[in-house]
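Let me begin by presenting the structure, written as structure tokens, before commenting on it.
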Amino acid sequence: MNENEKIKDFLTKYKKITVVGLSSKPERSSYGVTNYLINNRYEIDAVNPNETQVLSQPIYNNISEVPHQLEIVNVFRAPQHIPQLIDELIPLKPKVIWLQEGITSPEAEEKARQAGIEVVSDRCIYKAHKSLIKDQIMHQQVFIPAV
């Protein structure tokens, strides 16, 4: 299975996304991307100790407070924070750790993979969903004009 097929599988199989670093500022990419995911019927919660509620979604102070099994953890944090976050995530066994565009940490990513966790790195979940899921659905719909 190639990378796009794996990503499409993740985005269709898993419906719970925990956003690490969600901001209440509409100009931030975390806000816009999360709003898009909500509008595409994903269940969203978030982790940010500096926020209390964003987009009417529950916000937790840290990842260990999330009360359900983690499916996709979508990360909007600077690369220097990724090794510590991965160390916190490994015992929680999320299905997928998704590091947004511009975010990579090769050693931490490999550590997560060695623990059996799928990792998507340096890729925007919004762009991936739009190109691999939403646009394909639009192309598959057939328009039948009224007679």
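Values quoted throughout were computed directly from the atomic coordinates according to the rules given, and no laboratory measurement underlies them. Remember, it's a predicted structure, so these values are computed and weren't measured experimentally. Neighbour counts run over all protein chains shown; Cβ positions are idealised from the backbone, glycine included.
A compact table of results
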quantity: Helical contribution to [θ] at 222 nm, DSSP H n ≥ 4, -39,500 (n - 2.57), averaged over the chain, rounded to 500; calculated: -9500 deg cm²/dmol
quantity: Dipole axis of the range 1-82 (+1 Lys, Arg; -1 Asp, Glu on Cβ), positive-most option in 21, 10, 50; calculated: 10
quantity: Fewest-first ranking of 76, 10, using other Cβ atoms within 10 Å as the exposure measure; calculated: 10, 76
quantity: Neighbourhood charge, 13 Å Cβ-Cβ cut-off, centred on residue 37 and excluding it, Lys, Arg +1 and Asp, Glu -1; calculated: +3
quantity: Formal net charge of residues neighbouring residue 92 (Cβ-Cβ distance under 15 Å; K, R +1; D, E -1); calculated: -2
quantity: Lysine pairs meeting the criterion (Cα under 19 Å, 8 or more apart or interchain), as found in the chain; calculated: 29
quantity: Given [x] 0.95; [y] 1.08; [z] 1.01, the label whose value is Rg/Rh (Cα atoms, Kirkwood Rh) derived from this model; calculated: [z]
quantity: Of all DSSP beta bridges in the chain, antiparallel share, percent nearest 5; calculated: 10
quantity: Pairwise centroid distance, computed over Cα atoms, of the range 100-115 with the range 15-30, Å; calculated: 19
quantity: Per-residue Cβ neighbour rank within 10 angstrom, fewest leading, 68, 129; calculated: 68, 129
quantity: Amide hydrogen neighbours beyond the local backbone of residue 22, cut-off 5 Å, H modeled; calculated: 47
